[in-house]
Amino acid sequence: MEIEVSSGRYKEAAVEALAVLVFKDERVEEGFLRELNDAAGGILAEVVGTDEFKGKEGETLYLHLAPGSQLTARRLLLVGVGEKQDYRPSTLSQWAGTAVRALRSRGAKSVGLVPRAAEIGPEQAAASAIEGAIIGLFETDKYRTVDKDERRIERLLVIEDGDEAALRRGAERGRIIGEAVNLARDLANEPSVFMTPTILAERAKQVAEERGLEFDALDPARMEREGMGALLAVARGSEEPARLIVLRYTPKGGKKGDGLLALVGKGVTFDTGGISIKPSEGMDQMKYDMSGGAAVIAAMRAIAQLDISIPVLGLVPAVENMPSGRAYKPGDVLRSMSGKTIEVLNTDAEGRLILADAIAYAKKLGATRVVDAATLTGAVSIALGDVNAAVLGTDQQLIDEIIEAGREVGEKFWQLPLDKEYSKQIKSDIADIKNIGGRKAGTITAAAFIKEFTEGLQWAHLDIAGTAWADEAKPYRAKGPTGLPVRTFIRLVEKEAAKQ
Ligand code: BES
Ligand code: ZN
Ligand code: ZN
């Protein structure tokens, strides 16, 4: 898809269809809408403000313009965004997603976006609009060969008042972030037969080679030498060998600032539950149990493309959790890389085990702050549904920064408590800790388990089990993998860089 920008002149834009942002209850008798109405031959006055279109969030109105119109585009789509005071860059990203999905379904091949985003400035406006459009156009039907909808938008033009150079910079930034989100979605969407730990590592290597990141992937023999008994135990039931993927970004001009931030993502390429096997209904969904890992790989690519000024590590422990004659079993005791021993009481609580060793390895590589993302517990969907992801951790400043970064990019996080009392639930009778904490507070006890491996680190944990996959389509994006928390990761790293 070609991406272009234009300063201001929406009336002359040579596109098939124009999408215009409209606020709730915006009046057609004044301001921008009046100007647009005049240019479009008066048709807006007929419908804007009626029950058909009031500018409510997500509302759309599609019009073919009569020959009297002065607009070059022959079709016009109004897309509501709700109250003006609630408007932020993430509103714009969703608005653009809604606009391109609606216009693609009507066969438009070239589209002009008019975000009217004076308050947030042209650069941010272009960035959010392009990001949202790219995310909006992603589909999951890669393997469909018949009856496939081939409609495509080939050209996208952002039209906004302001300096063209700023618009172009913004559009490029939006493209990088949108494509990173879609990379994570594409990885998560792959069936496990095409997304083994080895393949995930190859994809990460490809990203590294294209973007100048350092790449390493530990195989089981190296994991053995590092003493990663927890990661190796989970991997043992599968024919597919485990990989611990490591990506390292070093800014041009060398290291800057104190400490080293590591992003760690759970990379279970398929989670059957192992010997504590899951019910067959819905098990197919467990192909996305590597969504945290996918987000890390995708965010690392964007971080390199955006030339961020601080170094960042990305780690993805990748395994397949399978039952077999070699699989680890309930009752087993594992020795983790940190030296702590773990009693396994449920082989389906595997994510925390692989994260334990990945975090220990991040520490060995010099990380001082760790943010992990994992589809870790079904319990988080019970607590927060598919609206908020859970954030927990030991560093309140880092947690606050994540929540704020998420707010800025439109990914929601809600903090859950992590009082030390919860750790009692994971005391083992025969080892240091056990890998499940009973029925109560499942998301918290999972985090309490990971916390055991974060001594000396500033640490936050994101449980994305309820938010990494959308069961329903939205006007602005397809159902399926959401790409969370790619945008938050990128924004967080930018915020960290800005502080140094
Ligand atoms: N991968 C699952 C969590 C999950 C559930 C992700 C639903 C996405 C959607 C995780 O490995 C798991 O099985 N967790 C168990 C933990 C339990 C055994 C303590 C769970 O949540 O049931
Ligand atoms: Zn599991
Ligand atoms: Zn899992």
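Since every read-out is calculated from the coordinates, none of them should be taken as a lab result. The model shown is predicted, which means the values in this text are computed figures rather than measured ones. Backbone-built Cβ (ideal geometry, glycine too); neighbour counts: all protein chains shown.
What do you get for Rg/Rh of segment 197-261 when both radii come from the Cα atoms and Rh is the Kirkwood radius?
Values: Rg = 14.4 Å, Rh = 13.5 Å.
So for segment 197-261, dividing Rg by the Kirkwood Rh gives 1.07.
Per DSSP H run of n ≥ 4, the term is -39500 (n - 2.57); total these for the chain, divide by its residue number, and report the mean residue ellipticity at 222 nm rounded to 500 deg cm²/dmol.
Numbers: 14 runs with 174 residues, N = 500.
Result for the chain, helices only: -11000 deg cm²/dmol.
Using θ = phi - 60° and the Karplus relation 6.51 cos²θ - 1.76 cosθ + 1.60, list the HN-Hα couplings for segment 359-372 in order, rounded to whole Hz, with x at every Gly or Pro.
With coefficients 6.51, -1.76 and 1.60, one gets 5, 4, 6, 4, 4, 4, 7, x, 5, 10, 10, 10, 10, 10 Hz.
Can you grab the distance from the C-alpha centre of segment 437-466 to the C-alpha centre of segment 1-76, Å, no decimals?
49
For segment 79-132, report the translational diffusion coefficient in µm²/s to the nearest whole number, using Stokes-Einstein at 20 °C, 1.002 mPa s, and a Kirkwood Rh over Cα pairs.
Numbers: Rh = 11.4 Å.
Answer, rounded: 188 µm²/s.
Using all Cα-Cα distances in segment 297-399, what percent lands in each 5 angstrom bin from 0 up to the longest?
Percent of pairs per bin, in order: 2, 9, 16, 18, 21, 16, 11, 5, 2, 0.
Out of ALA478, LEU213, MET300, whose Cα points farthest toward the positive end of the dipole of the chain (charges: +1 Lys, Arg; -1 Asp, Glu; placed on Cβ)?
About the Cα centre, the residue reaching furthest to the positive side is LEU213.
Where does each of 118-125, 308-315 land if you order them by average Cβ count within 10 Å, highest first?
Values: 118-125: 19.1, 308-315: 23.2.
Packing order, densest peptide first, comes out as 308-315, 118-125.
Run through segment 212-266 and list the trypsin sites (Lys or Arg not before Pro) located in a DSSP loop whose Cβ has at most 14 other Cβ atoms within 10 Å.
On the way: sites: ARG222, ARG225, ARG236, ARG243, ARG248, LYS252, LYS255, LYS256, LYS266; in loops: ARG236, LYS252, LYS255, LYS256, LYS266.
Taking segment 212-266 and a limit of 14 other Cβ atoms within 10 Å, the loop trypsin sites (Lys or Arg not before Pro) found are LYS252, LYS255, LYS256.
Based on Cα coordinates alone, diagonalise the gyration tensor for segment 219-377, multiply each eigenvalue by 5, take square roots, and list the semi-axes in whole Å, largest first. Write out the running numbers ahead of the final one.
Values: eigenvalues 171, 60, 26 Å².
Values for segment 219-377, descending: 29, 17, 11 Å.
Any idea which of ALA184, TYR10, PHE194 is furthest toward the positive side of the dipole for the chain, if Lys and Arg beta-carbons carry +1 and Asp and Glu beta-carbons -1?
PHE194
If the chain between ARG34 and LYS499 were fully stretched, how many nm would it gain, using 0.36 nm times the residue separation less the Cα-Cα distance? Spell out each step's value before the answer.
Numbers: separation 465, 0.36 × 465 = 167.40 nm, distance 4.39 nm.
In short, 163.0 nm is gained.
Among LEU416, VAL391, ALA349, which residue has its Cα positioned farthest towards the positive end of the charge dipole of segment 313-432, with +1 placed on the Cβ of Lys and Arg, -1 on the Cβ of Asp and Glu, and the dipole taken about the Cα centre?
Farthest towards the positive pole: ALA349.
Do any GluC sites (Glu not before Pro) in segment 216-245 lie in a loop, going by DSSP, with at most 11 other beta-carbon atoms within 10 Å of their beta carbon, and if so which?
On the way: sites: GLU224, GLU226, GLU239; in loops: GLU239.
Loop-located and lightly packed - GLU239.
Once amide H atoms are placed 1.01 Å from N in the peptide plane, what residues at a sequence separation of 5 or more from THR347, or on another chain, have their amide H within under 5 Å of its amide H?
Here SER276 satisfy the definition.
Treating each Cα of segment 2-162 as an identical point scatterer and ignoring solvent, apply the Debye formula and state log10 I(q)/I(0) at q = 0.12, 0.14, 0.20 Å⁻¹.
Cα-only, vacuum Debye calculation for segment 2-162: -0.48, -0.65, -1.34.
To the nearest 20 debye, what is the magnitude of the charge dipole of the chain about its Cα centre, counting +1 on the Cβ of each Lys and Arg and -1 on the Cβ of each Asp and Glu? Please report the intermediate quantities before stating the final value.
Details: 66 positive and 75 negative charges, 155 e Å.
Rounded to the nearest 20 debye, it is 740 debye.
With the radius of gyration and the Kirkwood radius both derived from the Cα set of the chain, what is their ratio Rg to Rh?
Working: Rg = 24.1 Å, Rh = 23.6 Å.
So for the chain, dividing Rg by the Kirkwood Rh gives 1.02.
In the chain, what percentage of the DSSP-assigned beta bridges are antiparallel, given to the nearest 5?
40
Return the subset of LYS451/LYS479; LYS329/LYS424; LYS11/LYS54; LYS109/LYS287 for which the Cα-Cα distance in this structure is over 31 Å, preserving the input order.
Working: LYS451/LYS479 33 Å; LYS329/LYS424 23 Å; LYS11/LYS54 23 Å; LYS109/LYS287 33 Å.
Result: LYS451/LYS479; LYS109/LYS287 exceed 31 Å.
Based on the alpha-carbon gyration tensor of segment 439-484 and its eigenvalue square roots a ≥ b ≥ c, which shape applies: rounded if a/c is under 1.5, prolate if not and a/b is larger than b/c, or oblate?
Working: a/c = 5.23, a/b = 2.19, b/c = 2.39.
Oblate, since a/c reaches 1.5 and b/c is not below a/b.
Counting alpha carbon pairs within less than 8 Å and at least 6 residues apart, what relative contact order, in whole percent, applies to the chain?
On the way: 1218 pairs, mean separation 74.3, N = 500.
Once divided by the residue count of the chain, the mean separation gives 15 percent.
Mind listing the phi-derived Karplus ³J(HN,Hα) values for segment 436-452, rounded to whole Hz, using 6.51, -1.76 and 1.60 with θ = phi - 60°, and x for any glycine or proline?
Whole-Hz 3J(HN,Hα) from phi for segment 436-452: 9, x, x, 6, 7, 6, x, 5, 6, 5, 5, 5, 4, 5, 4, 3, 4.
Using alpha carbons only, how many angstrom separate the centre of segment 100-134 from the centre of segment 370-392?
30
So if I place +1 on the C-beta of Lys and Arg and -1 on the C-beta of Asp and Glu, and nothing else carries charge, what would the dipole magnitude of segment 266-397 be about its Cα centre? I want it in debye, nearest 20.
440
Could you derive backbone 3J(HN,Hα) for segment 84-95 from the dihedral phi with the Karplus parameters 6.51, -1.76 and 1.60 (θ = phi - 60°), listing whole Hz in sequence and x where the residue is Gly or Pro?
Per-residue couplings from phi come out as 4, 6, 8, 6, 8, x, 5, 4, 5, 4, 5, 4 Hz.
Just the ratio, please: alpha-carbon radius of gyration of segment 348-500 over 2.2 N^0.38 Å, N its number of residues. Show your work: numbers first, answer last.
On the way: Rg = 15.5 Å, N = 153, 2.2 N^0.38 = 14.9 Å.
After normalising by residue count via 2.2 N^0.38 Å, the value is 1.04.
Find how much the distance from LYS11 to GLU226 grows on full extension, using 0.36 nm per residue of separation minus their present alpha carbon separation; answer in nm with one decimal. Each step should come with its number before you reach the end.
Numbers: separation 215, 0.36 × 215 = 77.40 nm, distance 6.36 nm.
Once the chain is fully extended between LYS11 and GLU226, it gains 71.0 nm.
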